[in-house]
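The values are calculated or read from the model by the stated rules, or taken from the named source; none is laboratory data. None of these values were measured; they are calculated from a predicted model. FYI the Cβ positions are ideal-geometry reconstructions off the backbone, even for glycines, and counts take in every protein chain you see.
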Amino acid sequence: MEKSDLLNASMDDIVFESRNKSYGAYVLRKLYDRHMTRGFIIGTLLFILAVSAPFIISAIKNLIPEEKDELVMKEVTLAEPPPIDPKKPPPPPPPKVDPPPIKDQIKFVPPKVKKDEEVKEEEPPPPTVEEIKDKEIATETKKGEEGGVDASLVEPPPPPVIEEEKPKEEEVFKFVEQMPSFPDGEKALMEYLAKNIKYPPIARENGIEGRVIVGFVVSKSGNIEQVKVIRGIGGGCDEEAAKVIRAMPNWTPGKHNGKAVPVSYTVPVSFKLEG
């Protein structure tokens, strides 16, 4: 190798001077620095990507709008149950089971210790051992059947159970599609109460005033039923409010699914002293 080439030669050129460079080792050593640089750069990029991956995923999720589930309320009207056929015969009663025959019974009253003057001669003597053989001891003498069983082993037939059909209580609704209303509306109701309410003397003398809450049921025919004071103030105001509510004219009944139904209702009745 010339001196001018020696200054520009690398360590690989010097080591492999006068050697077989096509063997492969020379090429590998020649490309070693390039491969190390490339591997370092790729490894650094992969490390940075692995560290920043959670932040990248979080940023992408924030950019995607969330889909919110919308709740939709639907009114479901159930079909009415099929009517009961009055012509359909009732199920037959269970077969009657005759009780087993009962053996002969003989009256036996346990002897009681009495005074001589209390003993009656007409009282029959107790039965002998022969008389009670193959018979059941009882409080009275009865004729039975041969080969029968003791009456105490036979359960008496249960009395017939007569089930009284209870009238089905009609459901009272709190909220319906069409609430009941006073004739001519809410304003007419307030005028009715103001006209008919009389201030109780006891409440007036004691300065009692306030609002009485009265609850009642408007039946499906419009009648006022089940009147009760939910919150009172005393002094006779509760009774006066309930009395006036009971005397109200029939209301327009409430309706649900197109049918008139009983609905519970509350009305405030005010008592205020004039200054």
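A few remarks follow.
- For the range 79-95, the count of residues that are in a loop (DSSP other than H, G, I, E, B) and modelled with pLDDT under 70 is zero.
- Scoring residue 227 on the criteria (1) touching a helix residue (DSSP H, G or I) at 6+ places or on another chain (Cβ under 9 Å); (2) modelled with pLDDT under 90 leaves a single failure, condition (2).
- Entry remark, the range 218-260: residues being among the hydroxyl-bearing types (Ser, Thr, Tyr) and in contact with a Ser or Thr (Cβ under 9 Å, 6 or more places away or on another chain) number 1 in total.
- In the range 207-231, the qualifying residues are those that are in a strand (DSSP E or B) and touching a residue at least 60 places away in the same chain (Cβ under 8 Å), and the one that is farthest from residue 248 (Cα to Cα) is 210.
- Residue among 98, 33, 69 that is over 30 Å from residue 259 (Cα atoms) and at pLDDT below 65: 69
- Residue in the range 1-11 that is in a helix (DSSP H, G or I), surrounded by 10 or more Cβ atoms within 10 Å (Cβ to Cβ) and at pLDDT below 65 present: yes
Each row is one residue, and each column tells you yes or no for (1) of a type outside the set (Val, Ile, Thr); (2) on the phi < 0 side of the Ramachandran plot.
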position: 217; (1), (2): no, yes
position: 227; (1), (2): no, yes
position: 235; (1), (2): yes, no
position: 238; (1), (2): yes, yes
position: 253; (1), (2): yes, yes
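- For residue 221, the conditions (1) closer than 21 Å to residue 177 by Cβ; (2) surrounded by 14 or more Cβ atoms within 10 Å (Cβ to Cβ) all hold with the exception of (2).
- Among all positions in the range 232-252, there is at least one residue which is in a strand (DSSP E or B) and surrounded by 13 or more Cβ atoms within 10 Å (Cβ to Cβ).
- Residue within the range 177-185 that is loosely packed, with under 14 Cβ neighbours inside 10 Å, of a type in the set (Ser, Thr, Tyr) and more than 14 Å from residue 270 (Cα to Cα) present: no
- Test: residue 190 is out of contact with any helix residue (DSSP H, G or I) (no Cβ under 6 Å at 6 or more places or on another chain), of a type in the set (A, V, I, L, M) and outside any helix (DSSP H, G or I): no
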